[in-house]
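For reference, the structure is listed below as structure tokens.
The values are calculated or read from the model by the stated rules, or taken from the named source; none is laboratory data. Model, not experiment: these values are computed from the prediction. Quick reminder, even Gly has a Cβ in these numbers, built from the backbone with ideal geometry, and neighbours come from all protein chains shown. For the accessible areas, the whole protein counts, side chains as well, though only heavy atoms, and no ligand, DNA or RNA atoms are used. Shrake-Rupley method; radii C 1.70, N 1.55, O 1.52, S 1.80 Å.
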Amino acid sequence: MPLSDSEIERYQRQLLVDGWDQERLKSARVLVVGVGGLGGISATYLAAAWVGHLRICDSDRVELSNLNRQILFTAEDIGKPKAALVAKRISAQNPEIEIEAISNKLTEANVSGLASGCDLIIDGLDNHSDRLKLNKASFDLNIPFVYGAINEWLGQLSLFNPPQTACLACLMPEELQNPEVTPVFGALPGVIGSLQATLALRYLMTGENPVSNALLIFRGDTMTFETVTFERRPGCEVCGKTVPFGPRR
Amino acid sequence: MIVFLKAGGQLRAMLRPDVDHYTRKVEVDGEKTIAEILKDISVDSAYVALIHVDGKVKDLSYKPSNGQTITLQPPVSGG
């Protein structure tokens, strides 16, 4: 269906972008898991760009210590569920979007159901264990997975799309020794969340993956970006079975 | 031979950098894996989430060559 005059006016600046495909974005369904510092930013930009359907999932409630970086929330929101708050915020920003707010905790049992029917998954999670669950669902359901993570001055980004690429478990297969509290300041998830949104929009419109088998690393202390490459791990417990040749562990 | 280990986050404190804020110079006797090098300098490899060398991701079994810089990344989290 062609865009209305008011839609053309609202989105005129992005419609001028080379390669922009609003129809594809309007028909896209995206799951954002975790809507704190990372996911709150990426969900906001997807909504602003008019991605047609957002499913947002977060079981947490807003805490005072979130407010240095999770800029969608205010002190008045403390104690309230994040998923519902972000849904309300996004809905006010762009009423055209269908939004599902889910306040359930991500589990191995429900992750496939959460991702089912979506074209893309965006990771706004705060721990590696849940990321591995999301990665498994991404592989099982053949839904690309935009990964983003942070620690102190360091940010990481990739787009896993097995079997075309390796998966997160190829790169970091095991539970990690996380500190109890990870140091983080607000602008860093802002940077990585914005990059996740950029990568997601580009992928949804073109199918291109500029970080295929590559991890983009941002260092806020030196203001540098670096890309490191990786390969599929033949013994990967998630995607390794689909490797057509090569040694198995 | 000499290798340079570089780390950020909480790993940086464990590494005890001596070259610059992030980097430690380590003398290695013969050919050793990164796991063995870390053990020799009492850095717990459980805190190493990702290793990359010359733009490529490696694992703890990688044996660096003389003069290489090995970047160690701590576990990352979220927002």
Would you mention how many residues in the stretch A:101-112 are in a strand (DSSP E or B) and open to solvent by 40 Å² or more (accessible area, probe 1.4 Å)?
1
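For every residue, the table says whether it meets (1) buried (at least 17 other Cβ atoms within 10 Å of the Cβ); (2) touching a Lys or Arg at 6+ places or on another chain (Cβ under 9 Å); (3) without any contact (Cβ under 8 Å) to a residue 40 or more places away in the chain; (4) not small (G, A, S).
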| site | (1), (2), (3), (4) |
| --- | --- |
| B:R16 | no, yes, yes, yes |
| B:D44 | no, no, yes, yes |
| B:H52 | yes, yes, yes, yes |
| B:S65 | no, no, no, no |
State all residues of the stretch B:18-32 that are within 11 Å of the chain's Cα centre (by Cα) and surrounded by 15 or more Cβ atoms within 10 Å (Cβ to Cβ); if no residue qualifies, say none.
B:Y22, B:T23, B:R24, B:V26
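Which residues, taken from the stretch B:18-29, are without any contact (Cβ under 8 Å) to a residue 12 or more places away in the chain and away from chain A (no Cβ under 14 Å)?
Here is the first cut: in the stretch B:18-29, the ones without any contact (Cβ under 8 Å) to a residue 12 or more places away in the chain are B:18, B:20-21, B:29.
The answer is B:D18, B:D29.
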What single numbered condition from (1) within 14 Å of chain B (Cβ to nearest Cβ); (2) within 16 Å of the chain's Cα centre (by Cα); (3) more than 30 Å from B:D20 (Cβ to Cβ) fails to hold for A:A200?
(1)
Can you name every residue in the stretch B:60-79 that is more than 9 Å from the chain's Cα centre (by Cα), within 9 Å of another protein chain (Cβ to nearest Cβ) and either modelled with pLDDT of 95 or more or over 20 Å from A:C236 (Cα atoms) (or both)?
B:P74, B:V76, B:S77, B:G78, B:G79
Assuming A:L125 fulfils every condition listed in (1) in a helix (DSSP H, G or I); (2) open to solvent by 10 Å² or more (accessible area, probe 1.4 Å); (3) within 14 Å of chain B (Cβ to nearest Cβ) apart from one, which condition is it?
(1)
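Name the residue that is surrounded by the fewest Cβ atoms within 10 Å (Cβ to Cβ), counting only residues in the stretch A:1-39 that are within 14 Å of chain B (Cβ to nearest Cβ) and either over 19 Å from A:I99 (Cα atoms) or small (G, A, S) (or both).
So the first thing to find is which residues in the stretch A:1-39 are within 14 Å of chain B (Cβ to nearest Cβ), and the list is A:32-39.
Add one more test, that the residue is either over 19 Å from A:I99 (Cα atoms) or small (G, A, S) (or both), and what stays is A:34, A:36-37, A:39.
Working: A:G34: 30, A:G36: 26, A:G37: 29, A:G39: 32.
By that ranking, first place goes to A:G36.
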Of (1) more than 14 Å from chain B (Cβ to nearest Cβ); (2) crowded, with 24+ Cβ neighbours inside 10 Å; (3) not β-branched (V, I, T), A:Q93 fails just (2)
Among (1) open to solvent by 10 Å² or more (accessible area, probe 1.4 Å); (2) within 14 Å of chain B (Cβ to nearest Cβ); (3) touching a helix residue (DSSP H, G or I) at 6+ places or on another chain (Cβ under 6 Å), the one test that A:S42 misses
(1)
How many of the residues in the stretch A:128-155 are away from chain B (no Cβ under 11 Å), closer than 25 Å to A:E226 by Cα and either without any contact (Cβ under 8 Å) to a residue 24 or more places away in the chain or not aliphatic (A, V, I, L, M) (or both)?
3
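Filter the stretch B:34-59 down to the residues that are away from chain A (no Cβ under 11 Å) and in contact with a helix residue (DSSP H, G or I) (Cβ under 9 Å, 6 or more places away or on another chain) and list them by number. Quick ask: steps written out before the conclusion?
First, the residues of the stretch B:34-59 that are away from chain A (no Cβ under 11 Å): B:34-43.
Passing the criteria: B:I34, B:A35, B:L38, B:K39, B:I41, B:S42, B:V43.
Taking the condition open to solvent by 60 Å² or more (accessible area, probe 1.4 Å), in contact with a Leu (Cβ under 8 Å, 6 or more places away or on another chain), more than 14 Å from A:G39 (Cα to Cα) and among the charged types (D, E, K, R), does A:E98 pass? Reasoning before the result, please.
Working: open to solvent by 60 Å² or more (accessible area, probe 1.4 Å): yes; in contact with a Leu (Cβ under 8 Å, 6 or more places away or on another chain): yes; more than 14 Å from A:G39 (Cα to Cα): yes; among the charged types (D, E, K, R): yes.
So A:E98 passes the test.
Please find, among A:L157, A:L120, A:L176, the residue that is more than 17 Å from A:L188 (Cβ to Cβ) and crowded, with 24+ Cβ neighbours inside 10 Å.
Values: A:L157 fails: more than 17 Å from A:L188 (Cβ to Cβ); A:L176 fails: crowded, with 24+ Cβ neighbours inside 10 Å.
None of the others qualify; the one that does is A:L120.
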Just give me the residues in the stretch A:209-235 being at pLDDT 95 or above, crowded, with 19+ Cβ neighbours inside 10 Å and part of a loop (DSSP other than H, G, I, E, B), in sequence order.
A:N209, A:V211, A:N213, A:F230
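For the stretch A:173-202, which positions are more than 20 Å from A:G34 (Cα to Cα) and either among the charged types (D, E, K, R) or in contact with a strand residue (DSSP E or B) (Cβ under 7 Å, 6 or more places away or on another chain) (or both)?
Taking the stretch A:173-202 as the starting set, the residues that turn out to be more than 20 Å from A:G34 (Cα to Cα) are A:173-174, A:177, A:202.
Passing the criteria: A:E174, A:R202.
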Taking only the stretch B:32-57 into account, find how many residues are in a helix (DSSP H, G or I) and modelled with pLDDT of 95 or more.
7
Taking the criterion of being open to solvent by 40 Å² or more (accessible area, probe 1.4 Å), in contact (Cβ under 8 Å) with a residue 24 or more places away in the chain, among the β-branched types (V, I, T) and part of a loop (DSSP other than H, G, I, E, B), would at least one residue in the stretch A:56-74 satisfy it?
yes
